[in-house]
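The values are calculated or read from the model by the stated rules, or taken from the named source; none is laboratory data. Please read all numbers here as calculations on a predicted model, not as lab measurements. FYI the Cβ positions are ideal-geometry reconstructions off the backbone, even for glycines, and counts take in every protein chain you see.
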Amino acid sequence: MPTRKADSPAGTTPFDDVAVAVACDEPLARHTWLGLGGPARYFCEPVGVEALSKVVARCHERGVPLKVIGGGSNLLVPSSGFQGMVVRLSGPEFSAIRVDPPCVEAGAGAKLVHVVSAAVQAGLGGLESLVGIPGTLGGALVGNAGGHGGEIGQRIVSVSVMNADGSLAERKASEVSFQSRWSSLDDAIVIGCRFELDRETAETLTKRMQKQWIVQRSEQPSGTRSVAMMFKDPPGTTAESLVYQSGAKDLRVGEAAVSEAHANFVVASVRCTSEEVRSLVEAVRSRVRERLGVELTPQIEVW
Ligand SMILES: Cc1cc2nc3c(=O)[nH]c(=O)nc-3n(C[C@H](O)[C@H](O)[C@H](O)COP(=O)(O)OP(=O)(O)OC[C@H]3O[C@@H](n4cnc5c(N)ncnc54)[C@H](O)[C@@H]3O)c2cc1C
């Protein structure tokens, strides 16, 4: 719980004596897949765990709201931005990947595709189905990313996290709850994790990964930025089919439109605003509710 307000004397920030480079008013549009979003009041990319701990502890002491950003592929940041600290785990300590057969350990800032490729090259199977999912390992763990071939939470041995006061902890797989596009890790900062995988030949795995990549590319809009997934698939059906059936695929709000390639994605054209994307997602959700009586749950997280 916040204990004190973030207010600091004019010209200073609550982080001036923390020995970590902190930027003010960093445009978050630079860090989101949609390329949208206003500024973060404070923003930093700590070099390692010790620096991160100092920033996190300071936020805790001063009551500064804190959020972590991964690849920004599942985020909708409003034009007003975020009045707090946004941390991005881009430093080398957070993106390291270590293969120790049959296990793989990786930092939360590593790109998911790099973790999958490292495992495949080492002849360790179980993560290939995640290959086309954009973003970082941390974002994937928090949202239990997955698709037809399984979810990331199924292969976890343990996850290292940082608590709100900057202290570190290790959570075993049995202590973490993974559900459809959600995990109980959403109460902490994920630092990294350890997977236990299946030994197979790199050749077999590479073929499987390439096949998965082709399927993913054919089912979803191209990996170019400016798209976002709107809804979670409800049990027994897909959000895409419900959007089609409800006739919502032709909806648009300003420069935000439903993707022609896949009706569960929103496409933001040049000059689109976060608010237009948000309104479109709500309009599609209302249409599905009115016409089909199904309440879709948003996949994209609105800050
Ligand atoms: C083209 C496209 C295709 C997609 N396909 C899929 C798919 O097939 N399956 C699927 O599940 N998803 C899919 N997604 C959604 C998205 O890519 C995933 O949710 C992804 O795992 C998000 O990772 P990220 O690093 O970008 O997280 P972000 O969008 O940066 O963040 C998402 C959430 O995770 C939190 N977070 C990020 N890192 C950490 C950390 N280290 N510690 C604590 N919290 C953290 C953020 O605070 C935020 O709450 C797709 C998105 C796009 C744009």
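So in the stretch 134-152, with the set limited to residues that are more than 10 Å from the chain's Cα centre (by Cα) and farther than 19 Å from Ile191 by Cβ, which one is surrounded by the fewest Cβ atoms within 10 Å (Cβ to Cβ)? Quick ask: steps written out before the conclusion?
Here is the first cut: in the stretch 134-152, the residues more than 10 Å from the chain's Cα centre (by Cα) are 146-152.
When the remaining residues are screened for being farther than 19 Å from Ile191 by Cβ, the result is 146-151.
Details: Gly146: 18, Gly147: 17, His148: 9, Gly149: 15, Gly150: 14, Glu151: 19.
Per the stated criteria, the residue is His148.
In the stretch 207-247, what count of residues is obtained for those that are of a type in the set (Phe, Trp, Tyr) and under 24 Å from Leu124 (Cβ atoms)?
Within the stretch 207-247, the first condition is being of a type in the set (Phe, Trp, Tyr), and the residues that meet it are 213, 231, 244.
Checking which are under 24 Å from Leu124 (Cβ atoms) leaves us with 213.
Within the stretch 207-247, residues that are of a type in the set (Phe, Trp, Tyr) and under 24 Å from Leu124 (Cβ atoms) number 1.
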When the stretch 156-185 is checked residue by residue, the ones that are under 22 Å from Ser73 (Cα atoms) and part of a helix (DSSP H, G or I) are Ser184, Leu185
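Please find, among Leu137, Leu130, the residue that is touching a helix residue (DSSP H, G or I) at 6+ places or on another chain (Cβ under 8 Å) and closer than 15 Å to Arg194 by Cα.
Working: Leu130 fails: closer than 15 Å to Arg194 by Cα.
Exactly one residue qualifies, and that residue is Leu137.
If a residue must be in a loop (DSSP other than H, G, I, E, B) and closer than 11 Å to Ala239 by Cβ, how many such residues does the stretch 269-303 contain? Lay out the reasoning, then the answer.
Applying the first criterion (in a loop (DSSP other than H, G, I, E, B)) to the stretch 269-303 yields 269-273, 293-297, 299-300, 303.
Right, trim to closer than 11 Å to Ala239 by Cβ and you get 294, 296-297, 299.
Residues flagged as in a loop (DSSP other than H, G, I, E, B) and closer than 11 Å to Ala239 by Cβ within the stretch 269-303 amount to 4.
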The stretch 1-81: strands (runs of 3 or more DSSP E) wholly inside it with 2 or more residues that are within 30 Å of Pro221 (Cα to Cα) and in contact with a Gly (Cβ under 8 Å, 6 or more places away or on another chain) are 39-44, 66-69
Going through (1) more than 9 Å from the ligand (Cβ to nearest atom); (2) not in a helix (DSSP H, G or I) one by one, His262 fails only at (1)
| Would a scan of the stretch 85-101 turn up a residue that is more than 15 Å from the ligand (Cβ to nearest atom), buried (at least 21 other Cβ atoms within 10 Å of the Cβ) and of a type outside the set (S, T, N, Q)? | no
Scanning the stretch 66-83 residue by residue, those away from the ligand (no atom under 12 Å from the Cβ) and surrounded by fewer than 19 Cβ atoms within 10 Å (Cβ to Cβ) turn out to be Pro78, Ser79, Ser80, Gln83
Within the stretch 213-235, does at least one residue satisfy the condition of being closer than 30 Å to Pro101 by Cα, away from the ligand (no atom under 11 Å from the Cβ) and in contact (Cβ under 8 Å) with a residue 40 or more places away in the chain? yes
Taking the stretch 195-209 and keeping residues part of a strand (DSSP E or B) and surrounded by 19 or more Cβ atoms within 10 Å (Cβ to Cβ) leaves Phe195
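State yes or no: is Arg194 near the ligand (Cβ under 8 Å from one of its atoms) and under 19 Å from the mean Cα position of the chain (by Cα)? Outline the logic, then answer.
Numbers: near the ligand (Cβ under 8 Å from one of its atoms): no; under 19 Å from the mean Cα position of the chain (by Cα): yes.
Spelling it out, it is not the case that Arg194 is near the ligand (Cβ under 8 Å from one of its atoms) and under 19 Å from the mean Cα position of the chain (by Cα).
Per-residue answers, yes or no, for (1) in the same structural domain as Thr32 (by TED's automatic domain parsing); (2) among the aliphatic types (A, V, I, L, M); (3) in a loop (DSSP other than H, G, I, E, B):
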| position | (1), (2), (3) |
| --- | --- |
| Lys211 | no, no, no |
| Pro234 | no, no, yes |
| Glu240 | no, no, no |
| Ala257 | no, yes, no |
